Amino acid sequence: GPDREGGKTWRGKVGREYSVEEGYQAAQACALNMLASLKVEIGELAKVKRIVKLLGMVNADPEFGDQPKVINGASDLLVELFGDKGKHARSAVGMGSLPNRIPVEIEMIVEVE
């Protein structure tokens, strides 16, 4: 999740407490947290051969339908950082709730050297 990125605690639903743009920022924060965890695991991000797939889950108001626009926050960042190696398959789905009321949770599959 995007928790505590830049000192901000993210709690709430996209389409209710958060706009699409704020959800996009939460997805960016998620991606940065995933990359930080990945760096701890593999030592250096230069070992990333490619980002294979993302599963983006958006804690959304039932009437909300712009999950892909939210998860673009993570996808855009990964392509910006890794270029062609950052292009990936992706699912973006809405959830009725997520742990600790976080607005976005993302699972990432990465191929490394």
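The values are calculated or read from the model by the stated rules, or taken from the named source; none is laboratory data. As the structure is a computational prediction, the values presented were derived from the model and not from experiment. Using ideal geometry, Cβ is built from the backbone for each residue, glycine included, and neighbour counts are taken over all protein chains shown. Calculation scope for accessible area: heavy atoms of the full protein, side chains included, ligands and nucleic acids excluded. Shrake-Rupley method; radii C 1.70, N 1.55, O 1.52, S 1.80 Å.
Top to bottom by accessible area (1.4 Å), largest first, where do R50, R16 land? Let's see the in-between values first.
Working: R50 110, R16 140 Å².
Largest to smallest exposure gives the sequence R16, R50.
Counting only protein heavy atoms and a probe of 1.4 Å, the accessible surface of the chain is 48% carbon and sulfur.
Share of antiparallel DSSP beta bridges in the chain, in percent to the nearest 5? Let's see the in-between values first.
Details: 9 of 18 bridges.
Taking every DSSP beta bridge with both residues in the chain, the antiparallel ones total about 50 percent.
Taking Cα atoms only, the orientation of helix 67-82 departs from the longest principal axis of the chain by about 20 degrees.
Roughly how many debye, to the nearest 20, is the charge dipole of the chain about its Cα centre, given +1 on each Lys and Arg Cβ, -1 on each Asp and Glu Cβ, and no other charges?
Values: 15 positive and 17 negative charges, 31 e Å.
It works out to roughly 140 debye.
Select from segment 60-98 those trypsin sites (Lys or Arg not before Pro) which occupy a DSSP coil region and have at most 15 other Cβ atoms within 10 Å, ordered by residue number.
Working: sites: K69, K85, K87, R90; in loops: K87.
Filter output for segment 60-98: K87.
Across segment 43-57, computed HN-Hα scalar couplings (Karplus, 6.51 cos²θ - 1.76 cosθ + 1.60, θ = phi - 60°) run x, 8, 6, 5, 7, 5, 7, 5, 8, 8, 7, 10, 10, x, 10 Hz from first to last residue, x flagging Gly and Pro. Taking all protein chains into account, the per residue accessible area for the chain stands at 53 Å² (1.4 Å probe). Of the cross-linked pairs K8/K47; K8/K39; K53/K85, those separated by over 18 Å at the C-alpha level are K8/K47; K8/K39. Here's the picture: charge each Lys and Arg Cβ at +1 and each Asp and Glu Cβ at -1 in segment 28-76, and of V48, L38, G73 the one pushed furthest to the positive end of that dipole is V48. From the coordinates of this entry, Rg and Dmax of the Cα atoms in Å is computed, and it appears in (1) 15.4, 45; (2) 13.5, 42; (3) 14.3, 44 under the label (2). In this structure, the amide hydrogen of A92, modeled 1.01 Å from its nitrogen in the peptide plane, lies closer than 5 angstrom to those of G56, counting only residues at least 5 positions away or on a different chain.
Of L81, L98, the order by accessible heavy-atom surface (1.4 Å probe, DNA, RNA and ligands excluded), from most exposed downward, is L81, L98.
With the whole protein complex present, K39 retains an accessible surface near 110 Å², based on a 1.4 Å probe. Remark: segment 10-63 carries a charge dipole of roughly 360 debye about the Cα centre, counting +1 on each Lys and Arg Cβ and -1 on each Asp and Glu Cβ. If you fit an axis through the alpha-carbon atoms of helix 20-42 and take the longest principal axis of the Cα set of the chain, what angle between them do you get, 0 to 90°, nearest 10? The angle comes out near 30 degrees. Rg over Rh for segment 20-69 works out to 1.07, using Cα positions for both radii and the Kirkwood form for Rh.
Given only helices, namely DSSP H runs of n ≥ 4 each adding -39500 (n - 2.57), what is the per-residue ellipticity at 222 nm of the chain, to the nearest 500 deg cm²/dmol? Could the numbers behind the result be given before it?
On the way: 2 runs with 39 residues, N = 113.
Result for the chain: -12000 deg cm²/dmol, rounded to the nearest 500.
In the complete set of protein chains, residue-level accessible area for V79 is approximately 50 Å², probe 1.4 angstrom.
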